[in-house]
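Participant: Let me give you the structure first, and then I'll get to my questions.
Nothing in this text is a laboratory measurement; each read-out follows from the coordinates by a stated rule. Please read these numbers as outputs of a predicted model, since none were measured by experiment. All Cβ positions, glycine included, derive from the backbone under ideal geometry; neighbour counts span all protein chains shown.
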Amino acid sequence: MTASMFGDEPAAPTSSKSGYLVLARKYRPQRFSDLIGQESMVKTLANAFRTGRVAHAFMLTGVRGIGKTTTARLLARALNYETDTVHGPSLEMDPPGRHCQAIIDSRHPDVLELDAASRTGVDDMRELLDGARYTPVSARYKVFIIDEVHMLSKSAFNALLKTLEEPPEHVKFVFATTEIRKVPVTVLSRCQRFDLRRLDIETLSQHLSNICEKEGVKVAGEGLTLIARAAEGSVRDALSILDQAIVSSEDGAEVPVDDVRDMLGLADHSRLMTLFGHAVDGSHQAVLDEFAGQIQAGGDPLTILKDLIELSVEVSRANVLGDDYAASGPAEWTRLTKEIAAKLSPAQSTRLWQILMKGFEVAQIAPNAATAVEMILIQLAAAAHVPSPEDAVKAIIAAQHGAAPRVPNGDPPSKNDDAGVTSMGQPASFEGILSLLESRKRADILYEMERFVRAGEVRYGFLSLQLEKGAGGSLISNIQRFLNDETGDHWEIEQVRSSAETIQEKKERERLERIQDAMQDEFLSDLMGRFPGAEVLDVYTPDVAEDGEENIVHVDFSSQPVNRKESR
């Protein structure tokens with residue numbers, strides 16, 4: 001097997017003949033000290049190298065572009081670092097060692113890279129492991145770098161596992177993956193795991209600013225913040241976007257924030273806050289007009305919706321943190337966010353986030369994304385007229401003491417005790433939850449709850465229950481999602497032991513009791529004696545009884561109800 005390159009591009013060649021080099025390659029870290037935001041991992045590795053407790057296998061995980069492959073190559077260099085004066089593994093690779101450049105160029109015979117995304121089979125793994133039996137050609141260790149290791153087949157993992165259990169002393173493995181949950185536990189347990197951190201917006205913005213200074217280019221500070229936000233913690237993505245922004249500018253001129261915003265398809269952040277503010281104020285016409293203006297200006301509907309979701313989180317943070325809140329951006333962003341947060345309670349801001357999240361799922365599959373987002377904005381504005389749970393509770397308490405107050409943005413409360421629902425339509429009992437499910441036509445959840453749930457404690461925002469055998473595996477999550485969506489608040493559901501009857505058991509018990517009481521009637525007893533084998537199925541009271549008769553008895557010798565008067 002020969003050395004090959006998969007995943008990221010190789011390190012930047014030093015020759016000027018290579019022409020223009022993209023920033024993601026030009027500024028790829030060449031030493032561990034160049035890594036940003038990964039101080040915890042570097043500290044752990046430094047301690048391991050200093051004490052000689054170096055693992056035989058490493059597992060690197062994190063989002064795309066965070067530096068997994070780069071770190072793997074740095075580890076390969078560190079393990080094989082050697083100079084005239086240094087003859088052991090070292091993280092301090094300055095000056096470069098004998099093997100450094102060959103490893104950087106992916107041409108060292110003892111450092112082999114495998115892309116598991118394209119070579120997933122057991123035969124590929126056996127070929128690699130066969131080479132592991134032989135000692136290194138020139139370096140200290142044979143280092144096997146396997147990128148996207150979660151893509152390996154089950155058979156390939158099994159083949160790898162034996163070598164991981166009893167690795168040769170001259171072999172080291174470095175695995176990289178974006179899907180750590182797909183890697184078998186048996187493999188994970190034999191590796192030293194490092195979770196590479198997603199970079200926060202401030203750190204990434206500063207990194208981009210430093211690179212702009214080295215490149216001699218100018219980009220507006222707010223533009224760098226927008227790039228860092230769009231990159232979602234990925235250094236490689238951020239550098240790729242920065243490359244594009246620099247190319248779009250005039251020679252020597254600063255890249256304005258509007259150009260960055262247009263390039264990313266983003267709405268102006270202040271306009272985004274205006275849009276969100278109109279929704280919070282419940283101004284339907286204003287929110288639709290502002291959204292139409294942003295679309296007309298070139299905004300992407302789904303991007304606007306995604307930005308609104310992020311803004312709703314910032315508003316919630318500002319709501320909770322108060323004066324300690326600071327936005328990731330200009331001071332004006334902080335002021336505007338706090339102004340919106342002042343109009344909402346924590347529960348209300350959470351409700352808006354839930355509406356946006358649910359709407360985002362729908363908008364992604366809608367035939368027309370812009371129309372879908374319009375409907376979501378209408379829903380947001382409508383939610384502004386719904387009282388907060390805190391105000392609702394105050395109204396309920398006031399109503400119970402004989403008062404009939406108006407709650408903010410709402411109508412006077414009205415009781416509905418028969419449905420087991422509080423005065424504001426929020427379930428406060430198990431029967432109330434069932435009634436809400438029935439009114440919303442959620443027969444799928446209602447069916448399972450009546451048959452497989454024993455109710456425990458029930459209060460607004462909390463439900464405890466015991467599940468019986470036969471309940472669906474997603475029943476609890478379905479109940480929780482339904483209650484969260486209906487109430488706009490987060491519900492906690494806890495499994496406990498309960499002696500309560502299921503609704504189905506209760507109905508059956510009451511049916512038998514009705515039959516037992518009915519069988520005390522002399523006429524029915526005589527009638528049943530005339531038909532051997534007959535069985536009473538149920539007894540019920542019709543809404544309108546003829547001739548004052550109340551009981552209608554079902555018996556199995558007839559498909560029609562038998563009325564006492566008719567039988568006589």
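Participant: How long is the gain from VAL313 to HIS490 if the chain were fully straight, where each residue apart is worth 0.36 nm and the alpha carbon distance is subtracted? Working shown, then result.
Facilitator: Numbers: separation 177, 0.36 × 177 = 63.72 nm, distance 1.52 nm.
Full extension of this stretch gives 62.2 nm more.
Participant: Output the peptides 195-204, 73-82, 372-381 sorted from most to least packed, where packing is the average of other Cβ atoms within 10 Å over each peptide's residues.
Facilitator: Details: 195-204: 18.2, 73-82: 24.3, 372-381: 19.7.
Per-residue Cβ counts within 10 Å, averaged per peptide and sorted highest first, yield 73-82, 372-381, 195-204.
Participant: Taking Cα pairs under 8 Å and at least six residues apart, what relative contact order does the range 16-195 come out at, in percent? Display every interim value, and only then the final one.
Facilitator: Details: 250 pairs, mean separation 51.5, N = 180.
With pairs under 8 Å counted, the relative contact order is 29 percent.
Participant: Next question, about the same structure. Taking N as the number of residues in the range 160-251, what value does Rg over Cα atoms divided by 2.2 N^0.38 Å take? Each step should come with its number before you reach the end.
Facilitator: Working: Rg = 19.5 Å, N = 92, 2.2 N^0.38 = 12.3 Å.
Dividing the Cα radius of gyration by 2.2 N^0.38 Å gives 1.59.
Participant: Express the C-alpha Rg of the range 201-264 as a ratio against the empirical globular expectation 2.2 N^0.38 Å, rounded to two decimals.
Facilitator: Details: Rg = 10.2 Å, N = 64, 2.2 N^0.38 = 10.7 Å.
Its radius of gyration relative to the 2.2 N^0.38 Å reference: 0.95.
Participant: Next question, about the same structure. If you bin the C-alpha pair distances of the range 71-158 every 10 Å from 0, what whole percents do you get?
Facilitator: Binned Cα distances yield the sequence 17, 44, 28, 10, 1.
Participant: Residue by residue through the range 514-519, which ³J(HN,Hα) values in whole Hz follow from phi under the Karplus form 6.51 cos²θ - 1.76 cosθ + 1.60 (θ = phi - 60°), with glycine and proline marked x?
Facilitator: With coefficients 6.51, -1.76 and 1.60, one gets 5, 5, 4, 5, 5, 5 Hz.
Participant: Out of all Cα-Cα pairs in the range 269-383, roughly what percent, to the nearest whole number, are more than 20 Å apart? Walk me through the numbers on the way to the answer.
Facilitator: Values: 2350 of 6555 pairs.
Tail of P(r) above 20 Å: 36 percent of Cα pairs.
Participant: Now, a different point. Once you have a ≥ b ≥ c as the square roots of the Cα gyration tensor eigenvalues for the range 442-497, tell me rounded if a/c is under 1.5, and otherwise prolate or oblate according to whether a/b is larger than b/c.
Facilitator: Because a/c hits 1.5 or more and a/b fails to exceed b/c, the range 442-497 counts as oblate.
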